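Scroll down for the structure; my scribbles are underneath it.
The values are calculated or read from the model by the stated rules, or taken from the named source; none is laboratory data. Predicted model only: the values in this text are computed from it and were never measured. Positions of Cβ are backbone-derived with ideal geometry, glycine not excepted, and every protein chain shown enters the neighbour counts. Quick note on the areas: whole protein, heavy atoms, side chains included, nothing else; ligands and nucleic acids left out. Shrake-Rupley method; radii C 1.70, N 1.55, O 1.52, S 1.80 Å.
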Amino acid sequence: MKITYLGHSSLSIQLKNINIIVDPFISGNELAEHIDISVLQADFILITHAHEDHILDVETIAKRTGAKVISNFEIVNYYGKLGITGHPMNHGGSWEFSFGKLTYTNAVHSSSFPDGTYGGQPGGFVLESDEGNIYIAGDTALTMDMKLIALQTKLDLAILPIGDNFTMGIESAIIASDFIQCNYILGVHYDTFGYIKIDHLKAKELFSKSGKKLALLEIGNSLTL
Ligand code: NI
Ligand code: MN
């Protein structure tokens, strides 16, 4: 599994020759100006919740590529009205897709579209595949529900928000990684705007003091499981 960081909480995941985009917010991110969304490949687009900084480029990418949207019921319905195909899920439910098994997990946050449409309850995803198991937390507070993930899945990597203010900050993300029993974290949802700027060195130090590894990728760079 190859995971490429596209800035903010946006990712591109390649596994089994299938391309998955997560929470695309690229054209609105000054830090991601060098990413050309017109060449991004997508068979599926995973959406954690309806906030603009997670959905801005969904319509553009889905209409160009024909990618199927996977999210909660309300978000999939919203895109269905725009002619975009999707697979609706809800919290705690799993489905076997061509790339692996996906579960829509709980998140403590809010979720409405930029036009005010209700976006359902926010979530995250656990993805289990032959090429590794990952947790994409989405925007969330630290929550006891994260302990449930470790009861069912041995994670190889967790993608956690670390920017604070709108989501968990670094200290909470370290506790979250204890709850999910995962020592390899890819940090997301930091630096994009003023409220969420972080000190990279300090963040990495705090994780390593807790016996964990925090990866912070340059936008456009990848890690492989
Ligand atoms: Ni949000
Ligand atoms: Mn967000």
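In this structure, is residue 73 within 19 Å of residue 14 (Cα to Cα) and either more than 15 Å from ligand 2 (Cβ to nearest atom) or open to solvent by 20 Å² or more (accessible area, probe 1.4 Å) (or both)? Can you show your working first?
Details: within 19 Å of residue 14 (Cα to Cα): no; either more than 15 Å from ligand 2 (Cβ to nearest atom) or open to solvent by 20 Å² or more (accessible area, probe 1.4 Å) (or both): yes.
Considered against the rule, which asks whether it is within 19 Å of residue 14 (Cα to Cα) and either more than 15 Å from ligand 2 (Cβ to nearest atom) or open to solvent by 20 Å² or more (accessible area, probe 1.4 Å) (or both), residue 73 comes out as no.
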Name every residue in segment 6-33 that is more than 15 Å from ligand 2 (Cβ to nearest atom) and buried (at least 17 other Cβ atoms within 10 Å of the Cβ), in order of residue number. 12, 13, 14, 15, 19, 20, 21
Pairs please, first residue from segment 133-149 and within 26 Å of residue 224 (Cβ to Cβ), second anywhere and among the acidic types (Asp, Glu), Cβ atoms under 7 Å, 6+ apart in sequence or on different chains. 133/156; 134/156
Which members of segment 150-160 meet the condition of being more than 16 Å from ligand 1 (Cβ to nearest atom) and in contact (Cβ under 8 Å) with a residue 60 or more places away in the chain? 156, 157
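What residue, of 211, 163, is outside any helix (DSSP H, G or I), of a type in the set (Gly, Ala, Ser) and within 16 Å of ligand 1 (Cβ to nearest atom)? So that I can check it myself, show each step before the final result.
Numbers: 211 fails: within 16 Å of ligand 1 (Cβ to nearest atom).
Of 211, 163, the one residue that is outside any helix (DSSP H, G or I), of a type in the set (Gly, Ala, Ser) and within 16 Å of ligand 1 (Cβ to nearest atom) is 163.
Evaluate segment 188-199: report whether one residue or more is in a strand (DSSP E or B), open to solvent by less than 30 Å² (accessible area, probe 1.4 Å) and within 16 Å of ligand 1 (Cβ to nearest atom). First the steps, then the outcome.
Going residue by residue through segment 188-199, those that are in a strand (DSSP E or B) are 188.
Restricting the remaining residues to those that are open to solvent by less than 30 Å² (accessible area, probe 1.4 Å) gives 188.
Checking the rest, the ones that are also within 16 Å of ligand 1 (Cβ to nearest atom) come to 188.
Looking for residues that are in a strand (DSSP E or B), open to solvent by less than 30 Å² (accessible area, probe 1.4 Å) and within 16 Å of ligand 1 (Cβ to nearest atom), one finds at least one in segment 188-199, hence yes.
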With the condition kept exactly as written, say whether any residue in segment 170-179 is part of a loop (DSSP other than H, G, I, E, B) and surrounded by fewer than 21 Cβ atoms within 10 Å (Cβ to Cβ). no
Does segment 110-132 hold any residues that are over 14 Å from the mean Cα position of the chain (by Cα) and part of a loop (DSSP other than H, G, I, E, B), and which are they? 110, 111, 113, 114, 115, 116, 117, 119, 120, 121, 130, 131
